[in-house]
Amino acid sequence: AQSVTQPDIHITVSEGASLELRCNYSYGATPYLFWYVQSPGQGLQLLLKYFSGDTLVQGIKGFEAEFKRSQSSFNLRKPSVHWSDAAEYFCAVVVMTTDSWGKLQFGAGTQVVVTP
Amino acid sequence: KAGVTQTPRYLIKTRGQQVTLSCSPISGHRSVSWYQQTPGQGLQFLFEYFSETQRNKGNFPGRFSGRQFSNSRSEMNVSTLELGDSALYLCASSLAGTSSNEQYFGPGTRLTVT
């Protein structure tokens, strides 16, 4: 079955430390891949996307993600987190099929807590 | 350019009532998708509209419906509300709704059903 998995429900990281959030997908073809962030009480903000080409993509707020086809993964990273990075992060995918119009499939999300 | 706007931001309704939520996409965006977010089920796709036509629909009962107007603004309606309909309803717009078009989300409407 097609799925998006974020193995970590909750991650705690110290301010200034590095952060890596995992995302794995299970689809027959390479999907279009996205990372979104949601702050409390807010909608989703697009951090970055991967469609094709260079497998390391840069996004906003100092985030980057690496696509690894062999591992069906699209992990999000940030070298040094700031307290304002505390939020919930969602990996999302779209696969070009006849029923894919406007439909993002989301992982369950990873809650990131930043400690002083 | 203004972002996606949703109204109202908060809503409290009683079981059995109906509700209409509104979404105004980013100027120039012609596709609007709707999602339901709950703690238990996460983010689930409701439906997508493009040029006033529903092109895709998620696995929700017929009580959930929507429409899109000629200016791309969209509304979704939930009839005969149930307690389980309490959720954050998010709409997202994209240029044409193809898989390669990223979606931009509004702040959501928090619906509470009592």
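In loop segments of segment B:53-114 as defined by DSSP, the chymotrypsin sites (Phe, Trp or Tyr not before Pro) with at most 13 further C-beta atoms inside 10 Å of their C-beta are B:F69.
Overall shape: prolate for chain A, with the ratio a/c of the largest to smallest alpha carbon gyration tensor axis at 1.5 or above and a/b above b/c. Think of chain A as a dipole: +1 on every Lys or Arg Cβ, -1 on every Asp or Glu Cβ, centred on the Cα centre; then among A:L48, A:P79, A:Y89, A:L48 lies furthest on the positive end.
Restricting attention to the protein assembly as shown, lysine pairs at least eight places apart or on different chains and with alpha-carbon atoms under 29 angstrom apart total 18. Once you sort the root eigenvalues of the Cα gyration tensor of segment B:22-63 as a ≥ b ≥ c, which label holds: rounded (a/c under 1.5), prolate (a/b larger than b/c) or oblate (the other case)? Cα axes put segment B:22-63 in the oblate bin. Note that segment B:54-65 has calculated 3J(HN,Hα) couplings of 7, 9, 8, 9, x, 8, 10, x, x, 5, 9, 9 Hz, one per residue in order, obtained from phi through the Karplus relation 6.51 cos²θ - 1.76 cosθ + 1.60 (θ = phi - 60°); glycine and proline are x. From the Cα gyration tensor of the protein assembly as shown, with a ≥ b ≥ c the square roots of its eigenvalues, which class applies: rounded if a/c is under 1.5, or else prolate if a/b is larger than b/c, or else oblate? Prolate, because a/c is 1.5 or more and a/b exceeds b/c.
Here, each number is a calculation from the coordinates, and none is a lab measurement. These numbers were taken from a predicted model, which means no experiment stands behind them. Cβ coordinates were reconstructed from backbone atoms using ideal geometry, including for glycine residues, and neighbour counts include every protein chain displayed.
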